[in-house]
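Below is one structure, written out as structure tokens; the observations come after it.
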Amino acid sequence: MEALHRLAVVAALAVGCSDSNGTGPCGSGGTPSAVNVCDNFFAPSSSPVGTGAAVAWTWRGANSHNVTFEDGQGSSTTQTSGTHSRTFSATGTFRYRCTIHSSGFDGGPGQMVGAVTVQ
């Protein structure tokens, strides 16, 4: 039974960590409170959470990225691995981007941007 449980955990991780074409270590996986920092995109890019929620970003790609907030609060360093988290105590939309792979917070094709909406 324990071996079956381990197999289920490994399968779940594999599904949540594939890239957009299903071949790499990143993916369209993630949840509103657990965002994957992939090579040139965040997954998911939109995170609706409640007041007081913490959101954690986990680096899953091979390239250097950062999470830089428009409001200047709670941004990460530029890194290739690890995690970063921020707790949101007020309602609103908090836009963020990777300053290496975007030209602004407005998004658009090829822009590495995201937002946390606190309700």
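The values are calculated or read from the model by the stated rules, or taken from the named source; none is laboratory data. Worth saying up front: this structure is predicted, and the values here are computed from it rather than measured. With ideal geometry, Cβ positions are generated from the backbone for all residues, glycine too; neighbour counts draw on all protein chains shown.
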For this session: Quick one: in segment 84-93, of everything that is of a type in the set (Gly, Ala, Ser) and not in a loop (DSSP other than H, G, I, E, B), which residue is surrounded by the fewest Cβ atoms within 10 Å (Cβ to Cβ)?
Result: Gly92
Exercise. Counting only residues that are in contact (Cβ under 8 Å) with a residue 60 or more places away in the chain and surrounded by 15 or more Cβ atoms within 10 Å (Cβ to Cβ), which one in segment 50-78 is farthest from Ala115 (Cα to Cα)?
Worked result: Ala53
Exercise. Among the numbered criteria (1) buried (at least 19 other Cβ atoms within 10 Å of the Cβ); (2) at pLDDT 95 or above; (3) part of a loop (DSSP other than H, G, I, E, B), which single criterion is violated by Ser81?
Worked result: (1)
For this session: Output the number of residues of segment 38-67 satisfying the condition of being over 17 Å from Ser103 (Cα atoms) and under 8 Å from the mean Cα position of the chain (by Cα).
Result: 7
